[in-house]
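Engineer: One structure coming up, written as structure tokens, with questions to follow.
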Amino acid sequence: MMQVERIWEFLQRLSPLTRSCLLTELERLELCGVEMPGSADIQAKLRAEFRRDGSSQSRAGDPARYFFAPLEPVLVNSAPEHENSGRIPRSSLTPIWEWISRDLLPTMARDYVDEISKLSVGDKQKELRKAAATFQTKVVKYLENALGSPESVKQTRAKLAIYTASPSAYNDLLKMMCVLRSRDALAKFNEALPAKIDKFDDAAIAKVTVLLKALAKDNADALAFGLALIAKRLKTSWQLIYLATKAAPSKKAADIAATPYAITISMVLDQMEDARSALRVALRKNRVLVARDILVAIYDTEHALNVRVNEFDESQWGVRLRNLMDAIATLVDEEVSRFPDEVGHVLGSRSLRGGHSLARRLSTMAWKGRDAFNSGVASCMKMIS
């Protein structure tokens with residue numbers, strides 16, 4: 001406690017901006033699974049200073065909130081350090097906004113903030129959205145010109161590093177530009193999708209494929225964001241790969257990689273990366289039952305990829321999956337090893353691993369017999385148990 005108080009005393013000497021950025025960074029690192037003794041107390045103090053509701057997620061002020069509004073459907077409350085196609089971590093918004101308003105376009109940003117403040121008094125929503133859209137367009141056009149050389153890119157990375165240590169910040173900036181350029185088309189696409197897709201069968205796939213083609217016609221670089229919006233509505237998120245497997249002439253990895261929707265495989269692997277982070281946090285906080293459910297979902301997704309994509313192991317996707325599963329196995333082994341053999345652990349139980357193996361064999365045979373086989377290994381596990 002004395003150390004925390006000493007750290008807090010030091011932090012009080014820093015500027016409010018620095019303390020606010022520190023809070024964002026501490027939350028990002030926590031989501032990444034980095035253990036920081038005493039961080040919880042520091043975060044609580046910083047939230048009390050900057051967030052009246054004490055929330056653990058950054059809540060931008062009105063100017064930033066309106067500016068980033070088109071990004072809301074593709075934001076995730078995690079801090080992935082992988083590519084994470086089609087999604088933007090919410091933790092990147094604060095450093096990007098600070099960079100825009102303090103370094104990139106300080107005068108324009110100040111004028112925009114003043115305009116939003118005046119319009120907010122009268123709650124003029126239409127005018128607020130119009131003002132935000134105007135500033136969004138200015139920022140995107142300026143960035144398109146400003147990022148035209150390797151030197152300017154290097155400078156931008158360096159400037160962003162002042163506000164965040166996240167290695168994904170620059171790529172998140174590029175994603176932001178893409179979403180803002182395609183904001184109207186993505187909004188139209190999002191509204192056209194059903195609220196939920198409980199059954200991703202041929203009929204549902206045909207409908208969303210029509211919507212995807214319309215989106216990609218004039219906004220090809222926004223396709224990944226459209227796919228991410230579909231994934232959010234699926235009952236089983238890994239089923240997003242059906243868009244690629246259905247479009248391919250065969251189930252071979254090489255043929256699937258040549259389809260317009262091959263990126264769905266990488267996006268599902270991104271989801272597994274997120275699950276690994278969630279598993280690590282659950283284990284650190286001793287939430288064993290939560291960890292078990294996450295692990296079952298991971299096994300289910302691993303199984304689905306191997307079964308529905310032939311020669312998956314030999315592909316680059318397969319290499320990534322093996323590395324990912326090795327890392328997950330290490331997490332599980334470390335957790336199980338904390339308990340004596342005679343005590344046992346739910347994550348190391350024979351029923352969990354054995355049931356999954358049996359379900360894998362059964363569904364593999366079924367899949368080879370008919371491409372329309374859609375049941376997941378998690379469902380089989382429940383039936384077997």
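Engineer: Identify all residues within region 204-252 that are polar (S, T, N, Q) and touching a Lys or Arg at 6+ places or on another chain (Cβ under 6 Å); write none if there are none. It would help to see each step written out before you state the result.
Structural biologist: At the first step, the residues of region 204-252 found to be polar (S, T, N, Q) are 209, 219, 236-237, 239, 245, 250.
Result: THR245, single match.
Engineer: Report the residue count in region 106-130 for those that are under 16 Å from TYR142 (Cα atoms) and buried (at least 19 other Cβ atoms within 10 Å of the Cβ).
Structural biologist: Of the residues in region 106-130, 2 are under 16 Å from TYR142 (Cα atoms) and buried (at least 19 other Cβ atoms within 10 Å of the Cβ).
Engineer: Continuing with the same structure: Scanning region 215-270 for residues that are outside the structural domain of LEU324 (by TED's automatic domain parsing) and acidic (Asp, Glu), which turns out farthest from ASN306 (Cα to Cα)?
Structural biologist: ASP218
Engineer: Would you say ALA216 is surrounded by fewer than 22 Cβ atoms within 10 Å (Cβ to Cβ), in contact with an Asp or Glu (Cβ under 6 Å, 6 or more places away or on another chain), over 20 Å from HIS82 (Cα atoms) and not polar (S, T, N, Q)? Step through it out loud before you land on a result.
Structural biologist: On the way: surrounded by fewer than 22 Cβ atoms within 10 Å (Cβ to Cβ): yes; in contact with an Asp or Glu (Cβ under 6 Å, 6 or more places away or on another chain): no; over 20 Å from HIS82 (Cα atoms): yes; not polar (S, T, N, Q): yes.
Judged against the criteria, ALA216 is not a match.
Engineer: Something else about it: Taking helices (runs of 4 or more DSSP H) that fall entirely within region 276-385, which contain at least 3 residues that are at pLDDT below 90 and more than 29 Å from the chain's Cα centre (by Cα)? Reasoning before the result, please.
Structural biologist: Numbers: elements: 288-308, 316-336, 350-369, 377-384.
Fully inside region 276-385 and qualifying: 350-369.
Engineer: What tally of residues in region 57-85 results from selecting those that are modelled with pLDDT under 95, among the small types (Gly, Ala, Ser) and either crowded, with 20+ Cβ neighbours inside 10 Å or more than 20 Å from LEU269 (Cα to Cα) (or both)?
Structural biologist: Of the residues in region 57-85, 5 are modelled with pLDDT under 95, among the small types (Gly, Ala, Ser) and either crowded, with 20+ Cβ neighbours inside 10 Å or more than 20 Å from LEU269 (Cα to Cα) (or both).
Engineer: Let me ask something else about it. Being assigned to a helix (DSSP H, G or I) and within 18 Å of the chain's Cα centre (by Cα) is the filter here, so list the residues in region 156-179 that pass it.
Structural biologist: In the first step, residues of region 156-179 are kept if they are assigned to a helix (DSSP H, G or I); the result is 156-163, 169-179.
Residues satisfying the conditions are ALA169, TYR170, ASN171, ASP172, LEU173, LEU174, LYS175, MET176, MET177, CYS178, VAL179.
Engineer: If ALA185 satisfies every condition in (1) surrounded by fewer than 16 Cβ atoms within 10 Å (Cβ to Cβ); (2) at pLDDT 95 or above but one, which is the exception?
Structural biologist: Only one criterion is unmet by ALA185, namely (1).
Engineer: Output the residues belonging to region 185-206 that are over 17 Å from SER237 (Cα atoms), out of contact with any helix residue (DSSP H, G or I) (no Cβ under 9 Å at 6 or more places or on another chain) and of a type in the set (D, E, K, R).
Structural biologist: Matches in region 185-206: GLU191 only.
Engineer: So, one more: Can you tell me which condition LEU289 does not meet? The list is (1) farther than 30 Å from ALA40 by Cβ; (2) in contact (Cβ under 8 Å) with a residue 40 or more places away in the chain; (3) surrounded by fewer than 17 Cβ atoms within 10 Å (Cβ to Cβ), and all the others hold.
Structural biologist: (1)
The values are calculated or read from the model by the stated rules, or taken from the named source; none is laboratory data. These numbers come from a predicted model, not from an experiment. Positions of Cβ are generated from backbone atoms using ideal geometry, with glycine treated the same way; all protein chains shown enter the neighbour counts.
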